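One structure is given below, encoded as structure tokens.
Please treat every number below as a calculation from the coordinates, not as lab data. Predicted, not measured: the structure shown is a model, and the values here were computed from it. Cβ sites come from the backbone with ideal geometry, for glycine too, and all protein chains shown count toward neighbours.
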Amino acid sequence: MRVVEDEWLKNRCKSEQEKGDYLFARLALGYAKVYAFRRSLLGRFVGHLERAFRYMTLRPAAKSELTRLYEAALSFQKEHDLDFQQILADSRKH
């Protein structure tokens, strides 16, 4: 009985580790896509429109969801020392 429990726990920990790795990879890929969009020509244009709208409404300190996501992506990249271009290239291969 003890051997079966140990095997079950070992398999569960392995699957939890795989699940954690999968979720981390998904999060990294999502942030990489936000980063790539914001760095693109369209993303920069959207950023400029967003900034102009904030100043027209007299709320220059308010940030949009896209800007907050981009800042979160940058901090995630620094925190985990990731290369978003490499992550995007790897995702296109699969």
### Summary
Between the modelled labels at residue 57 and residue 80 (7 Å from Cα along Cα→Cβ) the distance in nm is 3.1
### Task
Report, ordered by chain and residue number, the lysines lying within cross-link reach of residue 78, taken as a straight Cα distance under 27 Å and ignoring same-chain residues fewer than 8 apart.
19, 33, 63, 93
### Message
From the mean inverse distance of alpha carbon pairs (Kirkwood) and the Cα radius of gyration, derive Rg over Rh for the chain.
### Response
1.24
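Students often check this: by mean Cβ neighbours within 10 Å, which of 59-65, 35-41 ranks highest, and how do the rest follow?
Details: 59-65: 10.6, 35-41: 14.7.
Answer by packing, highest mean first, reads 35-41, 59-65.
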### Task
Read phi for every residue in segment 31-37 and hand back ³J(HN,Hα) as whole Hz from Karplus 6.51 cos²θ - 1.76 cosθ + 1.60, θ = phi - 60°, with x for Gly and Pro.
5, 5, 5, 4, 4, 5, 5
